[in-house]
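Visitor: Handing you a structure now.
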Amino acid sequence: MKTIGYAALSPSTPLAPFTFERRALRANDVAMEILYCGVCHSDLHTARNDWGWTQYPAVPGHEIVGRVTHVGPDVTRFRVGDAVAVGCLVDSCQECDHCHQGEEQFCTNGRTDTYNAPDRITGENTYGGYAKHLVVREEFVLRVPDTLTLAHVAPLLCAGITTYSPLRTWNVGPGSRVGVIGLGGLGHMAVKLAAGLGADVTVMSRTNSKEADALSLGADRLLVSSDSAAMAAAQSHFDLIIDTVPVKHDVNPYMSLLKVDGTLVLVGQVGPLAEPTTVPLILGRRRIAGSLIGGIRETQEMLDFCAKKQILPDCEMIRMDQINEAFERMEHADVRYRFVIDMASLPAPSAQ
Ligand SMILES: [Zn+2]
Ligand SMILES: [Zn+2]
């Protein structure tokens, strides 16, 4: 199937229109027309080869919402016209312990990312959601509940699950005290989801300039991390701190804010940390952990939870041809809180 998307052809060129083929339907495949795609920091890092493993052309996008247009003969769970979503994963071995446990993101034999990864069967580079159409095996397609507004769902597929999964892993619920460092795409979802689960939520920020925003998103307060008196008063307060800061930073000031057995979980950064000291870890049996998106089962649970609680990301809708400008604004944290591309702005490929 011929389709059109936007691709980076090299680390230094802006994304530009790119016509390509989606694979012919395998028996267990679902084909969809993409309606919306969120814009994640990973998209920008991949387009610019910041992590050193980008294959070009690179078509980013892993916060995908669409409607089913065709299904393979073995597909049982989806029908033409269904509202569906695809996140960061499009395949895994389905046989290892992690896949059996529904944690395909940790597949021992290697998960297949939605873009910039080799297809498990053909080895061809996967192309993501900055495109008009997508073909994905049924097991990696999610159902979008009817009561969610489709135009706002897309960021749940990466920013949503990335923050929901640690909240569930560490059993956050009523009575839990959760801290959120950073109030960007991930942080604003962490606040909404933690509040939705019934937790007491504190946003941590260097200044109080985001206080009104934090409260309107559902946080109970903002803690100014440069205010040493306020930080001292918050010692041993939190069960879980979700750290969404996307660049190298120092976690030491936050560790003593955790209770005994508390955890600071990193979800925003891939790369080195400033050197942590072991003192607060040992004195409070505290932990620094990481977390990577979530499995398919948990992602569906998150979508259903968001439908029940009417939790949706705050989105700024853009046209596909505004993507390069959006990347620049995202680098300067100039978005509240996630760009979403309206794929109706991308003309269908010509028939010839
Ligand atoms: Zn992402
Ligand atoms: Zn596996």
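Visitor: ³J(HN,Hα) across the range 192-200 via Karplus (A = 6.51, B = -1.76, C = 1.60, θ = phi - 60°), whole Hz, x for Gly/Pro?
Guide: With coefficients 6.51, -1.76 and 1.60, one gets 4, 6, 5, 5, x, 7, x, 7, 8 Hz.
Visitor: Give me the lysines in straight-line cross-link reach of LYS132: C-alpha distance below 29 Å, same-chain residues under 8 apart excluded.
Guide: Once the sequence-local lysines are set aside, what remains near LYS132 is LYS2.
Visitor: Read phi for every residue in the range 170-177 and hand back ³J(HN,Hα) as whole Hz from Karplus 6.51 cos²θ - 1.76 cosθ + 1.60, θ = phi - 60°, with x for Gly and Pro.
Guide: Once rounded to whole Hz, the list reads 9, 6, 6, x, x, x, 6, 10.
Visitor: Can I ask one more? Under 1.5 on a/c is rounded, so check that first for the range 1-146, then, if it is not, pick prolate when a/b is larger than b/c and oblate when it is not; a ≥ b ≥ c are the square roots of the alpha carbon gyration tensor eigenvalues. Please list the in-between numbers first.
Guide: Details: a/c = 1.73, a/b = 1.24, b/c = 1.40.
Since a/c reaches 1.5 but b/c is at least a/b, the shape of the range 1-146 is classed as oblate.
Visitor: Separate question: Within the range 241-347, which trypsin sites (Lys or Arg not before Pro) sit in a loop by DSSP and count at most 16 neighbouring Cβ atoms inside 10 Å? If you can, show how the numbers build up before the last one.
Guide: Numbers: sites: LYS248, LYS259, ARG285, ARG286, ARG287, ARG297, LYS308, LYS309, ARG319, ARG329, ARG336, ARG338; in loops: LYS248, ARG285, ARG286, ARG336.
For trypsin sites (Lys or Arg not before Pro) across the range 241-347 that sit outside H, G, I, E and B with at most 16 neighbouring Cβ atoms in 10 Å, the list reads LYS248, ARG285, ARG336.
Visitor: Rounded, prolate or oblate: which fits the range 177-276, taking a ≥ b ≥ c as square roots of the Cα gyration tensor eigenvalues, rounded meaning a/c under 1.5, else prolate when a/b beats b/c? Let's see the in-between values first.
Guide: Numbers: a/c = 1.31, a/b = 1.17, b/c = 1.12.
The shape class here is rounded.
Visitor: Suppose every Lys and Arg Cβ carries +1 and every Asp and Glu Cβ carries -1, with no other charges. What dipole size does the chain come out with about its Cα centre, to the nearest 20 debye?
Guide: Dipole about the Cα centre, nearest 20: 300 debye.
Visitor: Projecting each Cα onto the charge dipole of the chain (Lys/Arg +1, Asp/Glu -1 at the beta carbon, about the Cα centre), which of PRO313, TYR130, GLY284 comes out farthest on the positive side?
Guide: Checked the options; the winner is GLY284.
Visitor: Put +1 on the Cβ of every Lys and Arg and -1 on every Asp and Glu Cβ in the range 51-165; which of TYR56, HIS100, ILE121 then has its Cα farthest towards the positive end of the dipole?
Guide: Of the listed residues, the answer is TYR56.
Visitor: Next question, about the same structure. To make sure I understand the rule: partners must be lysines, Cα under 30 Å from the Cα of LYS259, and not fewer than 8 residues away in the same chain. Which ones qualify?
Guide: LYS192, LYS210, LYS248, LYS309
Visitor: Considering the Cα trace of the range 1-77, what is its radius of gyration and what is Dmax, both in angstroms?
Guide: 14.4, 43
Visitor: Taking the chain as a Gaussian network, where each spring joins two C-alpha atoms under 10 Å apart, which residue of GLY185, GLY66, GLY271 fluctuates the most?
Guide: Of the options given, GLY271 has the highest mean-square fluctuation.
Visitor: Next up: Return the calculated 222 nm mean residue ellipticity for the chain, to the nearest 500 deg cm²/dmol, obtained by summing -39500 (n - 2.57) across DSSP H runs with n ≥ 4 and dividing by the residue count. Kindly include the intermediate steps, with their values, before the conclusion.
Guide: Details: 11 runs with 84 residues, N = 352.
Helix contribution divided over all residues of the chain: -6500 deg cm²/dmol.
Visitor: So, one more: What are the trypsin sites (Lys or Arg not before Pro) within the range 1-89 that DSSP puts in a loop, where the Cβ has at most 12 other Cβ atoms within 10 Å? Mind dumping the intermediate values first?
Guide: Details: sites: LYS2, ARG22, ARG23, ARG26, ARG48, ARG67, ARG77, ARG79; in loops: ARG22, ARG23, ARG26, ARG48, ARG77, ARG79.
Sparse-neighbourhood loop trypsin sites (Lys or Arg not before Pro): ARG77, ARG79.
Visitor: Give the separation of the Cα centroids, the range 44-85 to the range 264-294, in Å.
Guide: After rounding, the separation between the Cα centres reads 31 Å.
Readers should treat all values here as calculations from the given coordinates under stated rules, not as data from a laboratory. From a predicted model like this one, the values you see are computed outputs, not experimental measurements. Here Cβ is always computed from backbone atoms with ideal geometry, including for glycine, and neighbour counts include all displayed protein chains.
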